[in-house]
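Presented below is the structure to which this report refers.
The values are calculated or read from the model by the stated rules, or taken from the named source; none is laboratory data. Small disclaimer: the values here were computed from a predicted structure and weren't measured. Here Cβ is always computed from backbone atoms with ideal geometry, including for glycine, and neighbour counts include all displayed protein chains.
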Amino acid sequence: MFTTFLQKLPALGHAGRLLAIGCCVLLAPLAAHAQTAAPAPVSADTADCWLSGDQAILAPLKGQPAFGDWTYSLGGEFRFRYMDEHNRLRPSGTTPTTYDQWRVAPFLELKNNWLTAYVQGIDASTFNSEIQTVPPDVNRTDLLQYYVDAELWESEAGTFNVRVGRQFLKYGSQYLVSPLPWANTYRNFEGVRGYWQSELWDVDLFAVRPVNGAAVPSQWRPTSHDIPDSSVWFSGIYASRKKFAGGAWDNYWLWNREYQPLEARQDGNRHTFGTRYWGTQPLPLAIPATWLWDLEAGWQTGTDNFDLAISRDVNAGFAGATGAFTLNKIPWTPTIKGLFWWGSGDGHPNDGSINTVSTLYAFVHPYWGILDNFNGANLLQYSAQVSVNPTSKLSVHSQLHWFDKAEAEDSIYNTSGTAFGGPSTSRHIGEEVDLFGSYSINANLQLQAGYSWFWYGEAVSEQPAIQRGDAHQAYVMTTWGF
């Protein structure tokens, strides 16, 4: 039934598509409760196994003997998303648009007890859009990852592996380095990564080049083979002490070196030094509860060509804080969360230094509003959030965000790093409200829907070049792992 439904989507109007998929999301919990029989075992010839079971449809092809001590696994992901957006901070202007997106990412893995060979493809497309697509939207029939991972040393102290090839990078809170899973394409890199894992420490060393348009917009090749950007080296060290003062403690150095700087992006020769303290702890209360915290700060130095033809010294920084409180034994297990972010801006854009922070290869979606207007540079944000779990399969989230410029004299920076507007008399950018929920039909098939409102403040409305009405966005998405 669901397959037939997806096939009929293009024949519906945009409003009809949104209503139809929304009804599917709302009715899915009722359908799930109506199934009282135990799920049938997964088999390759079971037509509806991906709807009824908690195993992937290709579970029989995972961890299977290949030859000698080698095993193989086949799997992947399919995602479909419908979007309806108005007045986001896009370079293409304020044209309202609705569009559809799909992403298919199959993989093959071969491994033995010390060596892994992995290859993953991608086909990602955006269609029925009234505006021009951007690099994170399209990547047709390409290689997303291919690498060899070898365990070079194992002892009681720990293990050391080296991974060579095209791969994802994901570190810490993902303020700075993320594979960007929300986008229609993933962000990938190509190079070498070595990682040490022990009972107390995880330490990564890497030197890579960004590959696709989600990693560096100048490399966008939507219909041809992706190649690494030879003008950029991204390298660093990320060390995490797993047990520290009741939580964990990360320290890192990241170096982004751009040999052909682009005026529209924070490029050049930037070093980022950062630290993060994070963890969870039960609270000794009459009602069982859990406290979560995540504190991170960093400083950037180096030189930059950003917005000028001459290099300027970089002196920038950021700080982020998240605190959450979950009541574990209360119905619906509510969580109350607070989030703060400060990403420095440049209060004196014409002097000999630059103070606008670069968030490098960030995951913007979970932090700076799900409408995805900002990349964290020159941004001051306060957010209050509440989530509940009416059932074990359904979660519902609400978020309120308040956004200001860190410096009124600097610009507003959207998710791609594009500067919007310039100096303004007001620092206030606006407020955003997000409502969204997700439902797990089983461990492999999830549905999600959301709606966002954004009310722009004086920092936008007083500048004719970027002035626009209030923004809003609706989406419905299904993700199927196989």
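Summary table below
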item	result
Some residue of the range 72-94 being polar (S, T, N, Q), crowded, with 17+ Cβ neighbours inside 10 Å and more than 30 Å from Ala419 (Cβ to Cβ)	yes
Tally of residues being assigned to a strand (DSSP E or B) and touching a Leu at 6+ places or on another chain (Cβ under 9 Å) across the range 166-188	2
Complete set of residues in the range 126-147 that are within 18 Å of Arg221 (Cβ to Cβ) and surrounded by 19 or more Cβ atoms within 10 Å (Cβ to Cβ)	Thr126, Val134, Pro135, Pro136, Asp137, Val138, Asn139, Asp142, Leu144, Gln145
Residue check for Ser452: crowded, with 17+ Cβ neighbours inside 10 Å, in contact (Cβ under 8 Å) with a residue 40 or more places away in the chain and in contact with a Lys or Arg (Cβ under 6 Å, 6 or more places away or on another chain)	no
Condition check for Ser155: more than 20 Å from the chain's Cα centre (by Cα), polar (S, T, N, Q) and either crowded, with 21+ Cβ neighbours inside 10 Å or over 30 Å from Tyr475 (Cα atoms) (or both)	yes
Near pairs, Cβ below 6 angstrom, 6+ apart or cross-chain, from the range 403-417 (at pLDDT below 95) to any residue that is basic (Lys, Arg) and surrounded by fewer than 23 Cβ atoms within 10 Å (Cβ to Cβ)	Gly417/Arg265
Test result for Phe318, touching a strand residue (DSSP E or B) at 6+ places or on another chain (Cβ under 7 Å) and either modelled with pLDDT under 95 or closer than 22 Å to Ala245 by Cα (or both)	no
Qualifying residue in the range 216-232 (condition: modelled with pLDDT under 95, farther than 28 Å from Gln448 by Cβ and acidic (Asp, Glu))	yes
Enumeration of residues in the range 422-459 that are out of contact with any strand residue (DSSP E or B) (no Cβ under 6 Å at 6 or more places or on another chain) and under 30 Å from Thr356 (Cβ atoms)	Gly422, Pro423, Ser424, Thr425, Ser426
Residue match in the range 293-304 (condition: crowded, with 16+ Cβ neighbours inside 10 Å, on the phi > 0 side of the Ramachandran plot and not in a strand (DSSP E or B))	no
Unmet criterion (only one of (1) surrounded by 17 or more Cβ atoms within 10 Å (Cβ to Cβ); (2) of a type outside the set (S, T, N, Q); (3) at positive phi) for Ala245	(1)
Scan of the range 467-481 for residues that are under 26 Å from the mean Cα position of the chain (by Cα) and in a loop (DSSP other than H, G, I, E, B), ordered by number	Asp470
Pick from the range 200-247, criterion among the aliphatic types (A, V, I, L, M) and touching a residue at least 40 places away in the same chain (Cβ under 8 Å), ranking: nearest to Trp293 (Cα to Cα)	Leu200
Filter pass, Arg140 being basic (Lys, Arg), assigned to a strand (DSSP E or B) and touching a residue at least 24 places away in the same chain (Cβ under 8 Å)	yes
Selected residue (only one of Thr133, Thr98 is β-branched (Val, Ile, Thr), closer than 30 Å to Ile466 by Cβ, assigned to a loop (DSSP other than H, G, I, E, B) and out of contact with any Phe, Trp or Tyr (no Cβ under 6 Å at 6 or more places or on another chain))	Thr133
Residue identified as in contact with a Pro (Cβ under 8 Å, 6 or more places away or on another chain) and touching a residue at least 40 places away in the same chain (Cβ under 8 Å) among Leu339, Leu327	Leu327
Subset tally (residues that are over 24 Å from the mean Cα position of the chain (by Cα) and either in contact (Cβ under 8 Å) with a residue 40 or more places away in the chain or surrounded by 17 or more Cβ atoms within 10 Å (Cβ to Cβ) (or both)) for the range 248-262	1
Candidate set: the range 114-152, residues that are farther than 13 Å from Asn212 by Cβ and at pLDDT below 95; chosen: the one nearest to the chain's Cα centre (by Cα)	Thr133
